[in-house]
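J.: Before I ask anything, let me first share the structure, which is written out below as structure tokens.
Please treat every number below as a calculation from the coordinates, not as lab data. Since the model is a prediction, treat every value here as computed from it, not as a measurement. So basically every Cβ, Gly included, is an ideal-geometry build from the backbone, and we count neighbours across all protein chains shown.
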Amino acid sequence: MITVDLAETSVRDLNQRLHKLPKDTNERAWRVVNPKGAHALVAGLDAPIEVTIDGHPGYYCAGMNKEATVIVNGHCGVGLAENMMSGEVRVKGNASDAAGATGRGGLLVVEGDAGLRCGISMKGIDIVVAGSVGHMSAFMAQTGSLVVCGDVGSSFGDSIYEARLYVQGKVESLGADCIEKKMTPHHLAKLEKLLKRAGIEADARRFRRYGSARRLYNFHVDNVDAY
Amino acid sequence: MCGIVGLFLKNPSMRPKLGKHLRTMLIEMTERGPDSAGIAVYHRPAAGKSSKLTLFNADPKFPWREVGGQLGQALDTEVDFEVKANHAVMTVGADDEIVRDWLRQNHPEIRVMGYGRLMEVYKDMGLPAEVADRYGLAGMEGTHAIGHTRMATESAVTTEHSHPFTAASDMCLVHNGSLSNHNNMRKWLKKRGHIFETDNDSEVAARYFAQRLSEGASLKEALEAGLADLDGFYTFTMGTRDGFAVLRDAFACKPAVLAETDDWVAMASEYRSIANLPGADKAKVWAPAPSVVYTWEVKAAA
């Protein structure tokens with residue numbers, strides 16, 4: 001395990017060192033201490049390494065992650081794992097706003113709560129939140145899954161495309177074109193698999209499923225007066 | 001973009017280090033606001049019925065001693081003053097309203113930055129570290145303090161346009177965001193006797209809360225009223241003589257982090273400002289929820 005102390009090393013030096021690792025590197029286990037809210041920590045990783053961060057990182061932690069596994073023993077700032085491509089990011093504490101925003105792949109697990117706009121514009125990422133999420137979560141979500149074991153704030157899934165949303169707790173309100181859908185055996189199996197992959201203990205049968213009513217896809221003649 | 005920091009000490013033994021901690025917090029917000037910075041510190045109370053005013057004139061050779069002498073003679077009272085760069089803290093044995101009236105009539109070139117019994121307000125152009133050190137923030141003790149680092153969007157970069165804004169005795173407000181109905185609110189407040197010193201939307205918010213407090217609202221009630229009346233984006237942090245409050249608008253697109261330990265409560269735009277406080281790694285850390293008023297009160301000095 002290689003330990004990097006951010007009290008002595010700059011974020012830029014750490015990130016550059018990680019970016020230079022070849023795919024077949026033997027330096028696979030990293031530990032980062034004293035993050036103290038620094039921005040863009042371990043962003044842009046592109047190798048199958050495992051990085052553990054002890055403390056609270058700031059904005060855009062593990063952004064654009066590819067293949068790497070990032071574990072945060074703390075809370076994360078805005079834009080956690082933004083535009084993640086693959087790999088896994090796991091936060092033991094809470095995540096702030098826009099966690100997993102625009103994510104294209106991989107798995108994001110938040111063991112605490114996530115803030116506002118979780119999974120906004122998600123494009124294929126799987127997000128599992130053990131706690132609750134705030135308002136405007138899954139706004140314009142395109143593909144992928146968002147699983148929330150707790151409650152969800154207002155305007156959930158507003159203007160959603162084809163992402164799958166699963167909620168165990170209460171939903172304050174649904175956004176435009178987001179509706180509750182039937183939990184089929186197919187979806188139940190998918191959810192069970194995802195919870196297991198995320199290592200979150202929850203009974204998939206207690207979740208409700210939400211998704212797109214697909215009424216915003218095409219122009220509707222009833223709306224002609226609006227133009 | 002702007003940066004906000006606030007520190008409220010629950011443990012009296014930390015009070016001598018209030019300024020030192022706030023300085024560290026403020027400097028961490030340099031990237032969010034390098035144009036100008038301001039601080040309000042709830043510092044040593046003026047004795048008896050005296051009031052304390054923080055005054056500003058851009059001229060570094062401004063004759064503060066003469067003004068102090070004239071003021072003392074006019075009001076037949078003692079005037080103490082301490083000059084810090086282009087600011088002067090005046091302690092006067094009279095009500096702050098009388099002093100402010102006299103200054104307005106006799107020295108309109110002086111700007112009153114803050115007034116009350118405890119609060120001192122310093123704001124100036126430059127990087128947060130320069131501003132903090134120009135006014136000796138690190139050496140200031142007290143119960144609570146608020147700071148702001150400004151990257152201007154709606155109005156000019158001047159000392160006057162910098163935050164915090166004061167609109168009542170020992171009350172100040174810092175704001176990250178922009179209000180969209182400030183013109184209407186300004187008219188509404190002018191009708192109620194408020195005299196505006198800048199065209200800054202944040203001054204409108206400060207005067208709005210002062211108005212509600214003067215109508216008898218508690219700190220919490222005043223901020224809750226703001227949720228209905230102030231339209232726009234905001235994270236506010238407000239200080240009063242014995243209170244400290246945080247509020248975000250319903251959309252909450254301006255960032256804010258709160259942290260609390262047994263010893264202190266800290267507010268900042270980002271966690272990195274809080275990270276260096278003693279015990280920050282063990283603190284309860286959370287994002288203040290939209291449209292929820294958070295308040296803390298100073299307990300009687302132990």
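J.: Just give me the residues in segment B:275-294 being facing chain A (nearest Cβ under 8 Å), touching a helix residue (DSSP H, G or I) at 6+ places or on another chain (Cβ under 9 Å) and touching a residue at least 40 places away in the same chain (Cβ under 8 Å), in sequence order.
T.: B:275, B:276, listed by residue number.
J.: Do we find a residue being assigned to a loop (DSSP other than H, G, I, E, B), crowded, with 24+ Cβ neighbours inside 10 Å and either hydroxyl-bearing (Ser, Thr, Tyr) or touching a Leu at 6+ places or on another chain (Cβ under 8 Å) (or both) anywhere in segment A:123-130?
T.: Taking every residue of segment A:123-130 in turn, none turns out to be assigned to a loop (DSSP other than H, G, I, E, B), crowded, with 24+ Cβ neighbours inside 10 Å and either hydroxyl-bearing (Ser, Thr, Tyr) or touching a Leu at 6+ places or on another chain (Cβ under 8 Å) (or both).
J.: Follow-up question, since we're still on this one. Scan segment A:42-65 and tell me whether some residue there is within 14 Å of another protein chain (Cβ to nearest Cβ), within 22 Å of residue A:194 (Cα to Cα) and crowded, with 24+ Cβ neighbours inside 10 Å.
T.: There is no residue in segment A:42-65 that is within 14 Å of another protein chain (Cβ to nearest Cβ), within 22 Å of residue A:194 (Cα to Cα) and crowded, with 24+ Cβ neighbours inside 10 Å.
J.: Considering only residues that are buried (at least 20 other Cβ atoms within 10 Å of the Cβ) and closer than 21 Å to residue B:217 by Cβ, look in segment B:244-266 and name the one that is nearest to the other protein chains (Cβ to nearest Cβ).
T.: Of everything passing the filter in segment B:244-266, B:248 is nearest to the other protein chains (Cβ to nearest Cβ).
J.: Of everything in segment B:44-92, what is assigned to a loop (DSSP other than H, G, I, E, B) and in contact with a Ser or Thr (Cβ under 9 Å, 6 or more places away or on another chain)? Give them in sequence order.
T.: Those that are assigned to a loop (DSSP other than H, G, I, E, B) and in contact with a Ser or Thr (Cβ under 9 Å, 6 or more places away or on another chain): B:46, B:47, B:50, B:58, B:77, B:78, B:86.
J.: Right, something else. Could you pull out the residue among A:81, A:99 that is among the small types (Gly, Ala, Ser), touching a Cys at 6+ places or on another chain (Cβ under 8 Å), in contact (Cβ under 8 Å) with a residue 40 or more places away in the chain and not in a strand (DSSP E or B)?
T.: Every option except A:81 fails the conditions.
J.: Quick one: how many residues across segment A:1-41 are surrounded by 18 or more Cβ atoms within 10 Å (Cβ to Cβ) and not in a strand (DSSP E or B)?
T.: Here the count works out to 12.
J.: Here is a check on your reading of the model: is residue B:272 within 14 Å of chain A (Cβ to nearest Cβ), buried (at least 17 other Cβ atoms within 10 Å of the Cβ), in a helix (DSSP H, G or I) and touching a residue at least 24 places away in the same chain (Cβ under 8 Å)?
T.: yes
J.: Further, regarding this structure: I'm told residue B:10 meets every condition in (1) buried (at least 21 other Cβ atoms within 10 Å of the Cβ); (2) within 30 Å of residue B:254 (Cα to Cα) except one. Can you identify the failing condition by its number?
T.: (1)
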